[in-house]
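> This is the structure, below, for whatever I ask next.
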Amino acid sequence: MATARNRRTESGGTRRRTPARPARAGARGSADSRQGRRRTRRPARTATTTRRTPLFTGRAVLLGALVLLLALTLAGPVRSYVAGRQELAELAADSQALSLRAEQLQGELDRQSDPAYVAQQARQRLNYVLPGDRLVVIADGEVTEDERPALTPGTPDDAEQPPWYEGLLESIATADS
């Protein structure tokens, strides 16, 4: 038994194959039926025609779903991380402001421990006078009906002034009415 290659070489050319199916009753011939089949087939694809791919493939949809799931999973922790960083920044700013305030207060405490500063503040705020100093109070010059002008010590009106307790009782009676 000879192989197909041997048969070709023995017959002296290429061997024609007969169709596997029998020809239809109205067919013209085997050559015409082949041409007819060629006409009914789709045109051969060339380099210029492209195969149309679907807009989303199954892999793209799966990848998109995984990315969405990952984003939803990480959204909560990322939000809390950002809020924590913001809170840390606010606390750092508060700490800086408090340390500055502590330095100011420490400076004020150091000043108040100085006896010269204490004496200066006593003279300024409480009108304290050291022995030998002269206190001068400047009034605006207006005298109301109930008020008497201030008297300087050593004037003849010293004898007419009532004792201090009578002045106190009089001021209490005035405030009570």
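> Condition first: over 30 Å from E170 (Cβ atoms) and exposed (fewer than 11 other Cβ atoms within 10 Å of the Cβ). Now tell me which residues in segment 117-133 satisfy that.
We begin by selecting, within segment 117-133, every residue over 30 Å from E170 (Cβ atoms); these are 117-124, 130-133.
Once the filter is applied, which keeps residues that are over 30 Å from E170 (Cβ atoms) and exposed (fewer than 11 other Cβ atoms within 10 Å of the Cβ), segment 117-133 yields Q124, L130, P131, G132, D133.
> If you go through segment 134-165 one residue at a time, how many are at pLDDT 75 or above, part of a loop (DSSP other than H, G, I, E, B) and more than 24 Å from Q124 (Cβ to Cβ)?
Counting residues in segment 134-165 that are at pLDDT 75 or above, part of a loop (DSSP other than H, G, I, E, B) and more than 24 Å from Q124 (Cβ to Cβ) gives 4.
The values are calculated or read from the model by the stated rules, or taken from the named source; none is laboratory data. None of these values were measured; they are calculated from a predicted model. When we count neighbours, we look across all protein chains shown, and the Cβ atoms used for this are built from the backbone with ideal geometry, even at glycine.
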